[in-house]
Amino acid sequence: MNTYRICFALIAVIAFGCSKSESEPIPTDDGPNVDADYAVLVQSNGILSETLLNANAETITINPTSGSFESTSKPEHSYREGNILSFYNGAQNCTGELSKVDFSDHSTKKIQVFDDLQDCEMEVIAMAHSPEAIFMVYSIPGLGLKEEHHFIRTVSTLSDEGTFTELELEKEPKQIVFANNKVFILSVDADEENKFALVVFDPEEGELIHDLNLDFDAQRIYKTVDNNIMVSYPELHLVVNSTSMGVVNTVRYNEGKEPKFGYTEAAFFDALGNLYYPMPTDLSGTSYPNIPGVYDFSTNTAVLYFFENFLTEAEREFEFKIGDTSMVSYDAANNLILIGYQKSDDVNKGGLLRIKPIPDPKFIDNIDLDGVPVELFVN
């Protein structure tokens, strides 16, 4: 069994003291410097919109042109796979709309759903997508007290007709991901004292093909870069092979050193399999509820970037007005961590910080945004 190790970016503490006013020469940075375009989705007053940014390793500016993303109300559910984002919004007539946006070519697909039900008591729980379909799990009330029926619906994205198939589920779905041509459903069995299970749905066959007992306290599931399924718990995570359905790795954390990535939906995997996320804190050593975290699954090491270690108090509180971390991403071309945050004086405003990661941590720059960043796509 692997042992979890945690690094608190001590190099950053040394590198970012409170002596920024000293007039020592700044060392030359010989790292990569590549032009990059960022498409940032920001939320403000319940509206999701797009801001385009132009950047390289040294500077970042707002692109004044408008992106192709159509502003919309804050989605009820969303799912990201690479540069493709799908999301769902309910409508007032008890139906809903699915949107699938490819930020690589700026194409958008919209499909009306639930015209067949028009049941305002229906509850959409989670969604995922494949290249050909969008999958939704939802519940509708039954006849008995607290009785519910759960379904998974497969909506084709190959046409505008909203063609779908669906299957009833025995267990209550909580979250879904698509991997290895299958849909993995994190589920709860209410009849078994709320025990969790990983239920596997084969879209090609239209049937459930596996049910793996996950015991209690499972939090979230993720698709890893090698197309397997990682299950997070408060005290450990495990990896399930998406072909054999067997548990192939278990990592238990030392008490007090838990990485806590299972508590947030705002997580991003880079091409190497590192996970970037806002890490909840107990406010020990920091005044922020969430701080940027990066978890390396190859070494089972978490690096936590405390704002206090790379920004002065004046920068945090008065210049940038950092209130909380809203998202964390990565610019691989320039080797920069991108930190979205909410302003402390206005919950509808935000900004984007860029820093170099360890072993040579360094604050690069900041840009204010007219909204709180929630997703970022690098082109």
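Mind listing whichever residues of region 345-377 are open to solvent by less than 20 Å² (accessible area, probe 1.4 Å) and of a type in the set (Phe, Trp, Tyr)?
Matches in region 345-377: Phe377 only.
Can you name every residue in region 158-192 that is open to solvent by less than 40 Å² (accessible area, probe 1.4 Å), touching a residue at least 40 places away in the same chain (Cβ under 8 Å) and out of contact with any Asp or Glu (no Cβ under 6 Å at 6 or more places or on another chain)?
Of everything in region 158-192, those that are open to solvent by less than 40 Å² (accessible area, probe 1.4 Å), touching a residue at least 40 places away in the same chain (Cβ under 8 Å) and out of contact with any Asp or Glu (no Cβ under 6 Å at 6 or more places or on another chain) turn out to be Gly162, Pro173, Gln175, Ile176, Val177, Phe178, Ala179, Val183, Phe184, Ile185, Leu186.
Check Phe69 against each of (1) under 15 Å from Glu375 (Cβ atoms); (2) at pLDDT 95 or above and name the one condition it does not meet.
(2)
Residue under question is Val247, and the condition is that it be open to solvent by less than 30 Å² (accessible area, probe 1.4 Å), of a type in the set (Val, Ile, Thr) and more than 19 Å from the chain's Cα centre (by Cα); does it hold? Before you say what the answer is, go through the steps one by one.
Details: open to solvent by less than 30 Å² (accessible area, probe 1.4 Å): no; of a type in the set (Val, Ile, Thr): yes; more than 19 Å from the chain's Cα centre (by Cα): yes.
Taking the combined requirement at face value, the residue does not satisfy it.
Among the residues of region 359-366, is there at least one that is closer than 21 Å to Glu317 by Cβ, part of a strand (DSSP E or B) and touching a Pro at 6+ places or on another chain (Cβ under 6 Å)?
no
Can you name the condition, by its number, that Ser284 falls short on among (1) in contact (Cβ under 8 Å) with a residue 60 or more places away in the chain; (2) loosely packed, with under 15 Cβ neighbours inside 10 Å; (3) over 19 Å from the mean Cα position of the chain (by Cα)?
The failed condition is (1).
Every residue, every condition in (1) touching a strand residue (DSSP E or B) at 6+ places or on another chain (Cβ under 9 Å); (2) of a type outside the set (A, V, I, L, M); (3) free of Cβ contacts under 8 Å to residues at least 40 places away in the same chain, yes or no:
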{"residue": "Gly246", "(1), (2), (3)": "yes, yes, yes"}
{"residue": "Arg252", "(1), (2), (3)": "yes, yes, no"}
{"residue": "Asp270", "(1), (2), (3)": "yes, yes, no"}
{"residue": "Ile291", "(1), (2), (3)": "yes, no, yes"}
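If you check Asn290, Asn274, which single one turns out to be at pLDDT 95 or above, surrounded by 15 or more Cβ atoms within 10 Å (Cβ to Cβ), within 16 Å of the chain's Cα centre (by Cα) and closer than 15 Å to Asp324 by Cα? Even if it seems obvious, please write down each step before you answer.
Working: Asn274 fails: closer than 15 Å to Asp324 by Cα.
After ruling out the rest, the residue left standing is Asn290.
Which strands (runs of 3 or more DSSP E) sit wholly inside region 57-151 and have at least 2 residues that are more than 27 Å from Glu172 (Cβ to Cβ) and open to solvent by 50 Å² or more (accessible area, probe 1.4 Å)?
Numbers: elements: 60-62, 77-81, 84-90, 96-102, 107-113, 123-129, 133-141.
Answer list for region 57-151: 60-62, 107-113.
The values are calculated or read from the model by the stated rules, or taken from the named source; none is laboratory data. Computed from a prediction, not measured in an experiment: that's the story for all the values here. No Cβ is skipped: glycine too gets one built from the backbone with ideal geometry, and neighbour counts run over all protein chains shown. Surface accessibility is based on the protein's heavy atoms, side chains included, excluding ligands, DNA and RNA. Shrake-Rupley method; radii C 1.70, N 1.55, O 1.52, S 1.80 Å.
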